[in-house]
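Following: one structure in structure tokens, then a few remarks.
Values quoted throughout were computed directly from the atomic coordinates according to the rules given, and no laboratory measurement underlies them. Note that the structure is predicted; figures quoted are calculated from it, not measured. Using ideal geometry, Cβ is built from the backbone for each residue, glycine included, and neighbour counts are taken over all protein chains shown.
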Amino acid sequence: MNSTNFYQISISGSIYDILNGPSALPVTFYNTSNFDNLEFSDPSLLTGLNWMGHPEVGFWSGIDTNSIPEHDFTQNVNSSTELVPESGLVKVTYFLTERSDLEISGSVNSWQNQIRQTRDQYLQMTDFTQLSDVPISTGFKEEYRVFRQELREMFDDVGPTGTGLVWPDMPTGVPNIDLPPLPPFPPLV
């Protein structure tokens, strides 16, 4: 399997710029088919393409100088690159920056909307429990009425970063009603 960690480099004398990447090598580049196999057969040919009449371009391998730092939804993962012409490498360094209040709010809203979709599915799946002719006891019917109301109200007292959000307890032990358990919340990113 080919690597997806190559950068296409513009070469003009001793000036080098990243055109795009990281990505996999193209299968065909200009008139050279199986170009992507150079990664394995002769990677030194990738750093400058003089041999194919294109000295203005090269494909340099990217190497990570650190791993992606642990982060939460209040931070962005960024990267900086350093070109190393002597070795035909692109050094990639990861770092964190704080997200703006608007970005954080957008992430929390998106996260809550994912949860709302699941909540709405459970409301639909339990609609029938409130029909007058449903064959369950009045007690079970009341448990589902309360459960459904708690589903509707679960976002009412949630903090601006989603704190305090929990699934209500779903009724259990009701004959002939077999609902899947409420799933864990998706990660907030």
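Key figures for this structure:
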{"item": "When the convex hull of its Cα atoms is projected in every direction, mean area for region 101-189 (nm²)", "result": "6.1"}
{"item": "Extension gain (nm, one decimal) between V134 and Y30, 0.36 nm per residue minus Cα-Cα", "result": "30.5 nm"}
{"item": "Linear extension gain, T163 paired with D101, 0.36 nm per residue minus alpha-carbon span", "result": "20.7 nm"}
{"item": "Rounded to the nearest 20 debye, dipole of region 60-130 from Cβ charges on Lys, Arg, Asp, Glu", "result": "200"}
{"item": "In Hz, Karplus ³J(HN,Hα) per residue of region 32-41 (6.51, -1.76, 1.60; θ = phi - 60°; x = Gly, Pro)", "result": "9, 7, 6, 4, 5, 6, 4, 3, 9, 7"}
{"item": "The chain - mean residue ellipticity at 222 nm from DSSP helices (-39,500 (n - 2.57) per run, n ≥ 4, rounded to 500)", "result": "-8000 deg cm²/dmol"}
{"item": "Debye-sum result for region 59-154 in log10 I(q)/I(0), which assumes one identical scatterer on each alpha carbon, at q = 0.10, 0.12, 0.20 Å⁻¹", "result": "-0.56, -0.64, -0.97"}
{"item": "Label-point separation, N176 to V84 (7 Å along Cα→Cβ), nm", "result": "7.1"}
{"item": "Separation in nanometres of the label points that stand 7 Å from Cα toward Cβ, at T4 and N66", "result": "2.4"}
{"item": "Cα point-scatterer Debye curve for region 6-98, base-10 log of I(q)/I(0) at q = 0.23 Å⁻¹", "result": "-1.14"}
{"item": "Between 0 and 90°, nearest 10: helix 138-153 axis offset from the chain longest Cα axis", "result": "40"}
{"item": "Between helix 101-125 and the chain: long-axis angle, C-alpha atoms, 0 to 90°, nearest 10", "result": "50"}
{"item": "Point-to-point label distance, V57-M125, nm (Cα→Cβ direction, 7 Å offset)", "result": "5.2"}
{"item": "Cα extents of the chain along the three principal axes, largest first (Å)", "result": "83, 37, 22"}
